[in-house]
Amino acid sequence: MKVLVVGGGGREHALCWAIAKSPKCAKLFCAPGNAGIADVAECVNVGAEDIDGLVAFAVDNAIDFVVVGPEVTLVLGLVDRLEEKGIKAFGPSAKAAVLEGSKGFMKDILAKYNIPTAYYGRFTDIEAAKAYVTEKGAPIVVKTDGLAAGKGVILCQTNEEAYAAIDSMMTDQVFGSAGNEVVIEEFLEGEEASFFALVDGERALPLIAAQDHKAVGEGDTGPNTGGMGAYTPAPVVVPGMIDHIMDEIVAPTIKGMASEGCPYKGVLFVGLMIKDGVPKVLEYNVRFGDPECQVLMMRLKSDALLALVAAAEGRLDDIDLEWHDMAAMVVVMATQGYPGSYEKGTEIKNLKEADEVEGVTVFHAGTKAEGDKVLASGGRVLGVTAMAPTVAAAQKQAYKAVGTIDWPEGFCRFDIGWRAINR
Ligand code: AMP
Ligand code: GLY
(Lines give C-alpha, C1' and ligand atoms only; values in the text may rest on other atoms or scores of the structure.)
(Ligands and ions follow the chains in the order given, each with its own letter.)
Protein backbone atom coordinates (compact mmCIF):
# COMPACT_ATOMS: atom_id res chain seq x y z
CA MET A 1 0.00 0.00 0.00
CA LYS A 2 1.20 3.54 -0.77
CA VAL A 3 0.36 5.73 2.20
CA LEU A 4 0.31 9.50 2.71
CA VAL A 5 0.23 11.03 6.20
CA VAL A 6 -0.85 14.68 6.34
CA GLY A 7 0.73 17.00 8.92
CA GLY A 8 4.14 17.85 10.29
CA GLY A 9 3.99 17.69 14.06
CA GLY A 10 4.90 15.21 16.77
CA ARG A 11 1.58 13.43 16.31
CA GLU A 12 2.35 12.83 12.64
CA HIS A 13 5.89 11.65 13.40
CA ALA A 14 4.42 9.06 15.79
CA LEU A 15 1.83 8.02 13.17
CA CYS A 16 4.51 7.69 10.48
CA TRP A 17 6.78 5.75 12.86
CA ALA A 18 3.96 3.29 13.62
CA ILE A 19 2.70 2.98 10.02
CA ALA A 20 6.22 2.46 8.62
CA LYS A 21 6.50 -0.71 10.73
CA SER A 22 3.52 -2.31 8.96
CA PRO A 23 4.45 -5.02 6.42
CA LYS A 24 1.55 -3.67 4.33
CA CYS A 25 3.20 -0.27 3.96
CA ALA A 26 5.14 -0.36 0.68
CA LYS A 27 5.86 3.38 0.51
CA LEU A 28 5.20 6.17 2.99
CA PHE A 29 4.94 9.89 2.23
CA CYS A 30 4.31 12.74 4.65
CA ALA A 31 3.11 16.25 3.75
CA PRO A 32 4.80 18.42 4.85
CA GLY A 33 6.60 16.31 7.50
CA ASN A 34 9.65 17.46 9.46
CA ALA A 35 13.32 16.56 10.01
CA GLY A 36 12.49 13.51 12.15
CA ILE A 37 9.71 12.24 9.90
CA ALA A 38 12.24 12.25 7.03
CA ASP A 39 13.89 9.21 8.68
CA VAL A 40 10.78 7.06 8.17
CA ALA A 41 8.89 8.70 5.29
CA GLU A 42 9.52 10.75 2.18
CA CYS A 43 8.55 14.32 3.06
CA VAL A 44 6.73 16.30 0.37
CA ASN A 45 6.48 20.04 0.33
CA VAL A 46 2.69 20.44 0.46
CA GLY A 47 1.07 22.14 3.45
CA ALA A 48 -1.64 20.53 5.58
CA GLU A 49 -4.11 23.27 4.59
CA ASP A 50 -3.41 23.06 0.84
CA ILE A 51 -6.34 20.79 0.03
CA ASP A 52 -5.96 21.10 -3.78
CA GLY A 53 -2.23 20.37 -3.49
CA LEU A 54 -2.80 17.31 -1.30
CA VAL A 55 -5.47 15.88 -3.63
CA ALA A 56 -3.23 16.45 -6.66
CA PHE A 57 -0.28 14.77 -4.93
CA ALA A 58 -2.39 11.76 -3.93
CA VAL A 59 -3.79 11.34 -7.45
CA ASP A 60 -0.45 11.86 -9.23
CA ASN A 61 1.34 9.39 -6.96
CA ALA A 62 -1.39 6.74 -6.93
CA ILE A 63 -1.73 6.89 -3.15
CA ASP A 64 -3.90 4.08 -1.76
CA PHE A 65 -4.55 5.46 1.71
CA VAL A 66 -4.32 8.87 3.38
CA VAL A 67 -4.10 9.43 7.14
CA VAL A 68 -5.01 12.96 8.23
CA GLY A 69 -3.39 14.33 11.40
CA PRO A 70 -4.65 17.90 12.03
CA GLU A 71 -8.26 19.01 12.55
CA VAL A 72 -8.01 21.94 10.16
CA THR A 73 -7.37 19.61 7.20
CA LEU A 74 -10.45 17.59 8.17
CA VAL A 75 -12.64 20.67 8.65
CA LEU A 76 -11.49 21.88 5.20
CA GLY A 77 -12.85 18.63 3.73
CA LEU A 78 -9.78 16.71 2.53
CA VAL A 79 -11.40 13.33 3.23
CA ASP A 80 -14.46 14.20 1.09
CA ARG A 81 -12.26 15.45 -1.75
CA LEU A 82 -10.13 12.29 -1.70
CA GLU A 83 -13.16 10.01 -1.63
CA GLU A 84 -14.54 11.78 -4.71
CA LYS A 85 -11.34 10.64 -6.44
CA GLY A 86 -11.74 7.09 -5.10
CA ILE A 87 -8.89 7.43 -2.59
CA LYS A 88 -9.49 6.00 0.88
CA ALA A 89 -8.73 8.19 3.87
CA PHE A 90 -8.68 7.96 7.65
CA GLY A 91 -10.64 10.76 9.29
CA PRO A 92 -14.15 12.23 9.30
CA SER A 93 -15.86 14.09 6.46
CA ALA A 94 -16.07 17.88 6.72
CA LYS A 95 -19.66 17.54 7.90
CA ALA A 96 -18.69 15.17 10.72
CA ALA A 97 -15.58 17.21 11.61
CA VAL A 98 -17.95 19.97 12.74
CA LEU A 99 -17.99 18.01 15.99
CA GLU A 100 -14.68 19.78 16.69
CA GLY A 101 -15.15 22.74 14.34
CA SER A 102 -18.19 24.08 16.24
CA LYS A 103 -18.42 23.75 20.02
CA GLY A 104 -22.10 24.72 19.80
CA PHE A 105 -22.81 21.82 17.42
CA MET A 106 -20.90 19.47 19.71
CA LYS A 107 -22.87 20.58 22.77
CA ASP A 108 -26.18 20.21 20.91
CA ILE A 109 -25.27 16.61 20.00
CA LEU A 110 -24.35 15.85 23.61
CA ALA A 111 -27.60 17.36 24.89
CA LYS A 112 -29.84 15.74 22.26
CA TYR A 113 -28.41 12.26 22.89
CA ASN A 114 -28.29 12.55 26.70
CA ILE A 115 -24.53 12.35 27.02
CA PRO A 116 -23.16 13.65 30.35
CA THR A 117 -21.55 17.10 29.99
CA ALA A 118 -21.56 20.61 31.48
CA TYR A 119 -24.78 22.69 31.12
CA TYR A 120 -24.40 25.34 28.42
CA GLY A 121 -25.89 28.09 26.30
CA ARG A 122 -25.06 29.25 22.73
CA PHE A 123 -25.03 32.96 21.98
CA THR A 124 -24.61 35.27 19.00
CA ASP A 125 -25.90 38.24 20.99
CA ILE A 126 -23.57 39.93 23.48
CA GLU A 127 -26.25 41.11 25.91
CA ALA A 128 -27.93 37.69 25.98
CA ALA A 129 -24.54 36.08 26.66
CA LYS A 130 -23.88 38.43 29.58
CA ALA A 131 -27.38 37.90 30.96
CA TYR A 132 -26.71 34.13 30.97
CA VAL A 133 -23.53 34.70 32.99
CA THR A 134 -25.50 36.87 35.47
CA GLU A 135 -28.17 34.19 35.76
CA LYS A 136 -25.80 31.22 36.25
CA GLY A 137 -22.95 32.99 38.09
CA ALA A 138 -19.20 32.33 38.14
CA PRO A 139 -17.13 30.23 38.08
CA ILE A 140 -18.14 29.76 34.47
CA VAL A 141 -16.41 29.02 31.15
CA VAL A 142 -16.59 31.12 27.98
CA LYS A 143 -15.57 29.49 24.66
CA THR A 144 -15.47 30.58 21.05
CA ASP A 145 -17.73 28.41 18.91
CA GLY A 146 -15.11 28.01 16.18
CA LEU A 147 -11.53 26.72 16.09
CA ALA A 148 -9.06 29.03 17.81
CA ALA A 149 -5.89 26.91 17.85
CA GLY A 150 -6.75 25.63 21.34
CA LYS A 151 -6.84 29.15 22.78
CA GLY A 152 -10.52 30.08 22.59
CA VAL A 153 -11.41 28.83 26.09
CA ILE A 154 -11.47 31.24 29.04
CA LEU A 155 -12.05 29.91 32.55
CA CYS A 156 -13.66 32.73 34.52
CA GLN A 157 -13.62 32.91 38.32
CA THR A 158 -15.85 36.00 38.52
CA ASN A 159 -18.82 37.34 36.53
CA GLU A 160 -16.68 40.37 35.58
CA GLU A 161 -14.05 38.10 34.02
CA ALA A 162 -16.77 36.37 32.05
CA TYR A 163 -18.23 39.68 30.78
CA ALA A 164 -14.70 40.70 29.73
CA ALA A 165 -14.17 37.34 27.99
CA ILE A 166 -17.43 37.82 26.05
CA ASP A 167 -16.34 41.33 25.02
CA SER A 168 -12.91 40.12 23.90
CA MET A 169 -14.42 37.37 21.75
CA MET A 170 -17.54 39.07 20.40
CA THR A 171 -16.69 42.78 20.30
CA ASP A 172 -12.91 42.86 19.95
CA GLN A 173 -12.85 39.61 17.90
CA VAL A 174 -9.54 38.55 19.44
CA PHE A 175 -10.11 35.10 17.93
CA GLY A 176 -11.46 36.42 14.62
CA SER A 177 -14.69 34.95 13.30
CA ALA A 178 -14.32 31.95 15.66
CA GLY A 179 -15.85 34.21 18.32
CA ASN A 180 -18.91 35.38 16.36
CA GLU A 181 -20.77 32.83 18.42
CA VAL A 182 -19.82 31.82 21.97
CA VAL A 183 -20.65 28.85 24.14
CA ILE A 184 -20.96 29.55 27.85
CA GLU A 185 -20.87 26.54 30.11
CA GLU A 186 -20.70 25.20 33.61
CA PHE A 187 -17.27 25.12 35.22
CA LEU A 188 -16.56 21.45 35.87
CA GLU A 189 -14.21 20.35 38.60
CA GLY A 190 -12.26 17.11 38.67
CA GLU A 191 -9.35 15.45 36.92
CA GLU A 192 -9.01 15.49 33.14
CA ALA A 193 -8.21 12.57 30.86
CA SER A 194 -8.06 12.02 27.11
CA PHE A 195 -9.80 8.91 25.83
CA PHE A 196 -9.60 7.66 22.25
CA ALA A 197 -11.71 5.31 20.14
CA LEU A 198 -11.46 4.28 16.50
CA VAL A 199 -14.81 4.64 14.74
CA ASP A 200 -15.91 3.19 11.39
CA GLY A 201 -19.27 4.91 10.92
CA GLU A 202 -21.21 2.39 13.00
CA ARG A 203 -18.85 0.63 15.38
CA ALA A 204 -16.24 1.88 17.80
CA LEU A 205 -13.12 0.19 19.07
CA PRO A 206 -11.66 1.57 22.30
CA LEU A 207 -8.03 2.59 22.25
CA ILE A 208 -6.47 3.63 25.58
CA ALA A 209 -6.64 6.66 27.84
CA ALA A 210 -3.89 9.21 28.44
CA GLN A 211 -3.43 12.39 30.43
CA ASP A 212 -1.75 15.50 29.12
CA HIS A 213 -0.39 18.64 30.72
CA LYS A 214 -1.70 21.71 28.90
CA ALA A 215 -0.17 24.48 31.00
CA VAL A 216 3.33 25.68 30.18
CA GLY A 217 4.57 25.81 33.78
CA GLU A 218 5.37 23.24 36.43
CA GLY A 219 2.51 22.38 38.76
CA ASP A 220 0.18 23.02 35.78
CA THR A 221 0.52 26.80 36.07
CA GLY A 222 0.77 29.56 33.48
CA PRO A 223 -0.82 29.87 30.05
CA ASN A 224 -2.16 26.87 28.16
CA THR A 225 -0.21 25.34 25.29
CA GLY A 226 -0.94 22.60 22.78
CA GLY A 227 0.36 20.18 25.45
CA MET A 228 3.70 19.99 27.28
CA GLY A 229 3.68 16.25 27.91
CA ALA A 230 1.44 13.21 28.32
CA TYR A 231 1.43 9.70 29.69
CA THR A 232 -0.56 6.50 29.57
CA PRO A 233 -2.14 4.69 31.32
CA ALA A 234 -4.17 7.41 33.01
CA PRO A 235 -4.83 6.08 36.52
CA VAL A 236 -7.96 8.24 36.87
CA VAL A 237 -9.56 6.12 34.13
CA VAL A 238 -9.97 2.96 36.21
CA PRO A 239 -10.43 -0.27 34.20
CA GLY A 240 -14.23 -0.54 34.65
CA MET A 241 -14.70 3.03 33.45
CA ILE A 242 -13.78 2.21 29.84
CA ASP A 243 -16.96 0.16 29.29
CA HIS A 244 -18.98 2.97 30.82
CA ILE A 245 -17.35 5.56 28.52
CA MET A 246 -17.93 3.35 25.48
CA ASP A 247 -21.61 2.67 26.35
CA GLU A 248 -22.72 6.02 27.75
CA ILE A 249 -20.57 8.44 25.73
CA VAL A 250 -18.99 7.00 22.58
CA ALA A 251 -21.85 4.74 21.41
CA PRO A 252 -24.64 7.36 21.67
CA THR A 253 -22.39 9.94 19.98
CA ILE A 254 -21.78 7.66 16.99
CA LYS A 255 -25.46 6.78 16.77
CA GLY A 256 -26.35 10.44 17.08
CA MET A 257 -23.92 11.52 14.36
CA ALA A 258 -25.35 8.86 12.00
CA SER A 259 -28.94 9.97 12.77
CA GLU A 260 -27.95 13.58 12.06
CA GLY A 261 -26.80 12.55 8.59
CA CYS A 262 -23.08 12.87 9.29
CA PRO A 263 -21.80 9.40 10.17
CA TYR A 264 -18.49 9.57 12.01
CA LYS A 265 -15.32 7.81 10.86
CA GLY A 266 -11.78 8.18 12.15
CA VAL A 267 -10.59 8.61 15.70
CA LEU A 268 -12.85 10.16 18.31
CA PHE A 269 -10.86 12.01 20.98
CA VAL A 270 -13.02 12.38 24.08
CA GLY A 271 -11.79 15.07 26.47
CA LEU A 272 -13.14 14.01 29.85
CA MET A 273 -13.51 15.62 33.27
CA ILE A 274 -13.77 12.93 35.94
CA LYS A 275 -15.06 13.60 39.43
CA ASP A 276 -15.81 10.95 42.04
CA GLY A 277 -15.48 8.28 39.36
CA VAL A 278 -18.05 9.94 37.06
CA PRO A 279 -16.78 11.01 33.60
CA LYS A 280 -18.34 13.96 31.77
CA VAL A 281 -17.46 15.20 28.27
CA LEU A 282 -15.49 18.47 28.18
CA GLU A 283 -15.02 18.40 24.44
CA TYR A 284 -14.62 16.24 21.37
CA ASN A 285 -11.73 16.38 18.95
CA VAL A 286 -11.90 14.66 15.58
CA ARG A 287 -8.22 13.65 15.46
CA PHE A 288 -5.53 12.15 17.63
CA GLY A 289 -4.22 14.30 20.46
CA ASP A 290 -0.80 15.84 20.23
CA PRO A 291 1.20 14.78 22.30
CA GLU A 292 -1.14 11.93 23.39
CA CYS A 293 -0.68 10.18 20.02
CA GLN A 294 3.03 9.73 20.73
CA VAL A 295 2.39 7.60 23.83
CA LEU A 296 -0.51 5.74 22.19
CA MET A 297 1.60 4.70 19.21
CA MET A 298 4.45 3.60 21.51
CA ARG A 299 2.17 1.26 23.43
CA LEU A 300 0.35 -0.11 20.38
CA LYS A 301 1.61 -3.61 19.63
CA SER A 302 -0.73 -4.34 16.70
CA ASP A 303 -0.34 -3.12 13.13
CA ALA A 304 -1.44 0.54 13.20
CA LEU A 305 -1.98 0.75 9.45
CA LEU A 306 -4.36 -2.23 9.35
CA ALA A 307 -6.42 -0.72 12.18
CA LEU A 308 -6.68 2.70 10.51
CA VAL A 309 -7.62 1.13 7.15
CA ALA A 310 -10.29 -1.02 8.85
CA ALA A 311 -11.80 2.11 10.45
CA ALA A 312 -11.89 3.85 7.06
CA GLU A 313 -13.44 0.81 5.35
CA GLY A 314 -16.15 0.18 7.97
CA ARG A 315 -14.53 -3.09 9.06
CA LEU A 316 -13.58 -2.51 12.70
CA ASP A 317 -15.20 -5.86 13.57
CA ASP A 318 -12.15 -7.49 11.97
CA ILE A 319 -9.71 -5.78 14.32
CA ASP A 320 -8.51 -6.85 17.72
CA LEU A 321 -5.86 -4.55 19.15
CA GLU A 322 -2.98 -5.56 21.38
CA TRP A 323 -1.11 -3.14 23.62
CA HIS A 324 2.19 -3.35 25.42
CA ASP A 325 1.46 -3.88 29.09
CA MET A 326 3.71 -0.94 29.89
CA ALA A 327 3.50 2.77 30.61
CA ALA A 328 4.66 5.47 28.21
CA MET A 329 5.47 9.14 28.70
CA VAL A 330 6.25 11.98 26.32
CA VAL A 331 8.06 15.10 27.52
CA VAL A 332 7.69 18.01 25.11
CA MET A 333 10.70 20.25 24.54
CA ALA A 334 9.73 23.70 23.29
CA THR A 335 11.57 26.84 22.23
CA GLN A 336 11.98 29.38 25.06
CA GLY A 337 9.19 31.94 24.85
CA TYR A 338 6.51 29.44 23.75
CA PRO A 339 3.49 29.73 23.91
CA GLY A 340 4.32 33.42 23.34
CA SER A 341 6.78 34.58 20.68
CA TYR A 342 10.00 32.64 20.18
CA GLU A 343 13.08 32.50 18.00
CA LYS A 344 13.37 30.08 15.07
CA GLY A 345 16.41 28.38 13.58
CA THR A 346 18.39 27.42 16.70
CA GLU A 347 20.42 24.22 16.42
CA ILE A 348 19.61 21.03 18.35
CA LYS A 349 22.47 18.58 19.01
CA ASN A 350 22.88 15.06 20.43
CA LEU A 351 19.52 13.76 19.23
CA LYS A 352 21.12 10.42 18.40
CA GLU A 353 22.36 10.03 21.98
CA ALA A 354 18.83 10.72 23.26
CA ASP A 355 17.37 8.06 20.95
CA GLU A 356 19.87 5.55 22.33
CA VAL A 357 18.55 5.80 25.90
CA GLU A 358 16.76 2.53 26.68
CA GLY A 359 13.07 2.61 25.78
CA VAL A 360 13.28 6.09 24.24
CA THR A 361 12.21 7.44 20.85
CA VAL A 362 12.45 11.15 20.11
CA PHE A 363 9.54 12.32 17.97
CA HIS A 364 10.07 15.59 16.16
CA ALA A 365 7.45 18.34 15.99
CA GLY A 366 8.78 21.73 14.85
CA THR A 367 12.12 20.78 13.33
CA LYS A 368 13.72 21.19 9.96
CA ALA A 369 16.90 19.76 8.48
CA GLU A 370 19.63 22.01 7.11
CA GLY A 371 22.44 19.89 5.74
CA ASP A 372 23.48 17.65 8.65
CA LYS A 373 21.98 19.98 11.22
CA VAL A 374 18.57 19.83 12.89
CA LEU A 375 17.08 23.26 13.54
CA ALA A 376 14.11 24.22 15.69
CA SER A 377 11.35 25.69 13.53
CA GLY A 378 8.37 25.87 15.87
CA GLY A 379 7.06 26.32 19.41
CA ARG A 380 6.77 22.68 20.36
CA VAL A 381 9.87 21.10 18.88
CA LEU A 382 10.52 17.59 20.25
CA GLY A 383 8.54 14.88 22.03
CA VAL A 384 10.99 12.80 24.03
CA THR A 385 9.01 9.57 24.50
CA ALA A 386 9.82 6.59 26.71
CA MET A 387 8.17 3.25 27.39
CA ALA A 388 8.88 1.39 30.66
CA PRO A 389 6.99 -0.83 33.14
CA THR A 390 5.58 2.08 35.19
CA VAL A 391 4.85 5.77 34.68
CA ALA A 392 7.65 6.58 37.16
CA ALA A 393 10.14 4.44 35.24
CA ALA A 394 9.07 5.96 31.91
CA GLN A 395 9.52 9.42 33.43
CA LYS A 396 13.05 8.52 34.53
CA GLN A 397 14.02 7.34 31.04
CA ALA A 398 12.41 10.32 29.31
CA TYR A 399 14.29 12.84 31.48
CA LYS A 400 17.52 10.89 31.07
CA ALA A 401 17.14 11.37 27.31
CA VAL A 402 16.18 15.05 27.75
CA GLY A 403 19.45 15.46 29.69
CA THR A 404 21.53 14.29 26.73
CA ILE A 405 20.00 16.81 24.30
CA ASP A 406 22.15 19.85 23.71
CA TRP A 407 19.79 22.73 22.93
CA PRO A 408 20.32 25.84 25.09
CA GLU A 409 17.34 27.66 23.53
CA GLY A 410 14.90 24.89 24.49
CA PHE A 411 13.02 24.06 27.68
CA CYS A 412 10.66 21.46 29.09
CA ARG A 413 8.60 20.88 32.21
CA PHE A 414 10.30 18.58 34.70
CA ASP A 415 7.13 17.33 36.39
CA ILE A 416 5.27 15.52 33.60
CA GLY A 417 3.26 12.68 35.15
CA TRP A 418 3.12 14.10 38.68
CA ARG A 419 -0.52 13.24 39.18
CA ALA A 420 -0.03 9.59 38.31
CA ILE A 421 3.21 9.31 40.26
CA ASN A 422 1.85 11.01 43.43
CA ARG A 423 -1.29 8.89 43.45
P1 AMP B 1 -10.94 22.78 25.40
O2 AMP B 1 -10.17 23.50 24.34
O3 AMP B 1 -12.41 22.86 25.29
O4 AMP B 1 -10.40 21.41 25.66
O5 AMP B 1 -10.57 23.51 26.77
C6 AMP B 1 -9.23 23.66 27.16
C7 AMP B 1 -9.09 23.36 28.62
O8 AMP B 1 -9.93 24.25 29.38
C9 AMP B 1 -9.55 21.98 29.01
O10 AMP B 1 -8.55 21.02 28.83
C11 AMP B 1 -9.88 22.19 30.47
O12 AMP B 1 -8.71 22.18 31.25
C13 AMP B 1 -10.46 23.56 30.50
N14 AMP B 1 -11.93 23.51 30.39
C15 AMP B 1 -12.67 23.53 29.26
N16 AMP B 1 -13.98 23.46 29.55
C17 AMP B 1 -14.08 23.42 30.88
C18 AMP B 1 -15.19 23.35 31.80
N19 AMP B 1 -16.45 23.33 31.38
N20 AMP B 1 -14.91 23.30 33.12
C21 AMP B 1 -13.63 23.35 33.57
N22 AMP B 1 -12.56 23.42 32.76
C23 AMP B 1 -12.77 23.46 31.44
N1 GLY C 1 -3.17 17.53 23.67
C2 GLY C 1 -4.47 18.02 23.47
C3 GLY C 1 -4.87 18.14 22.07
O4 GLY C 1 -4.28 17.57 21.17
O5 GLY C 1 -5.85 18.83 21.81
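Of all the criteria given as (1) at pLDDT 95 or above; (2) outside any helix (DSSP H, G or I); (3) within 16 Å of ligand 1 (Cβ to nearest atom); (4) surrounded by fewer than 20 Cβ atoms within 10 Å (Cβ to Cβ), the one not satisfied by residue 150 is (1).
Among the residues of region 304-318, just one is part of a loop (DSSP other than H, G, I, E, B) and within 23 Å of the chain's Cα centre (by Cα), namely 314. When residues of region 255-266 are filtered for being surrounded by fewer than 23 Cβ atoms within 10 Å (Cβ to Cβ) and in contact (Cβ under 8 Å) with a residue 40 or more places away in the chain, how many remain? Total meeting the criteria: 7. Quick one: is residue 85 in contact (Cβ under 8 Å) with a residue 24 or more places away in the chain, of a type outside the set (Gly, Ala, Ser), under 20 Å from residue 266 (Cβ atoms) and surrounded by fewer than 18 Cβ atoms within 10 Å (Cβ to Cβ)? So residue 85 fits the description; yes. Residue count for region 359-389, restricted to those that are touching a helix residue (DSSP H, G or I) at 6+ places or on another chain (Cβ under 9 Å) and under 22 Å from residue 326 (Cβ atoms): 12.
In region 40-113, which helices (runs of 4 or more DSSP H) lie fully inside it and hold 1 or more residues that are closer than 26 Å to residue 226 by Cβ, in contact with a Phe, Trp or Tyr (Cβ under 6 Å, 6 or more places away or on another chain) and of a type outside the set (Asp, Glu)? Before you say what the answer is, go through the steps one by one.
Values: elements: 51-60, 71-75, 78-84, 94-101, 103-112.
Correct list: 94-101, 103-112.
Within region 310-319, can one find any residue that is touching a Gly at 6+ places or on another chain (Cβ under 6 Å), closer than 25 Å to residue 25 by Cα and away from ligand 2 (no atom under 16 Å from the Cβ)?
The answer is yes, given that some residue of region 310-319 is touching a Gly at 6+ places or on another chain (Cβ under 6 Å), closer than 25 Å to residue 25 by Cα and away from ligand 2 (no atom under 16 Å from the Cβ).
Put simply, of 326, 246 the only residue that is closer than 24 Å to residue 415 by Cβ and away from ligand 1 (no atom under 15 Å from the Cβ) is 326.
Of the strands (runs of 3 or more DSSP E) contained entirely in region 335-423, those carrying at least 3 residues that are more than 23 Å from the chain's Cα centre (by Cα) fall at 373-376. Filtered by the rule that a residue be in a helix (DSSP H, G or I) and either of a type outside the set (Asp, Glu) or in contact with a helix residue (DSSP H, G or I) (Cβ under 6 Å, 6 or more places away or on another chain) (or both), region 114-137 gives 126, 128, 129, 130, 131, 132, 133, 134, 136. Residues of region 281-330 being out of contact with any helix residue (DSSP H, G or I) (no Cβ under 9 Å at 6 or more places or on another chain), of a type outside the set (A, V, I, L, M) and closer than 27 Å to residue 102 by Cα, which ones? Matches in region 281-330: 313, 314. Considering each residue of region 122-136 in turn, at least one proves to be crowded, with 18+ Cβ neighbours inside 10 Å, farther than 22 Å from residue 31 by Cα, away from ligand 1 (no atom under 16 Å from the Cβ) and not small (Gly, Ala, Ser).
Here residue 139 passes the criteria (1) crowded, with 22+ Cβ neighbours inside 10 Å; (2) more than 16 Å from residue 284 (Cα to Cα); (3) within 14 Å of ligand 1 (Cβ to nearest atom) except the one numbered (1). Of the residues making up region 191-225, just one is buried (at least 24 other Cβ atoms within 10 Å of the Cβ) and either at pLDDT below 95 or of a type in the set (Ser, Thr, Tyr) (or both), namely 194. Checking region 143-150 against the condition returns no match, with no residue being under 28 Å from the mean Cα position of the chain (by Cα), within 14 Å of residue 224 (Cβ to Cβ) and more than 16 Å from ligand 2 (Cβ to nearest atom). In the set (1) in contact with a helix residue (DSSP H, G or I) (Cβ under 6 Å, 6 or more places away or on another chain); (2) at pLDDT 95 or above, the condition left unmet by residue 60 is number (1).
The values are calculated or read from the model by the stated rules, or taken from the named source; none is laboratory data. Everything quoted here is computed from the prediction, not taken from an experiment. Methodologically, a virtual Cβ is constructed for each residue, glycine included, from the backbone with ideal geometry; neighbour enumeration extends over all protein chains shown.
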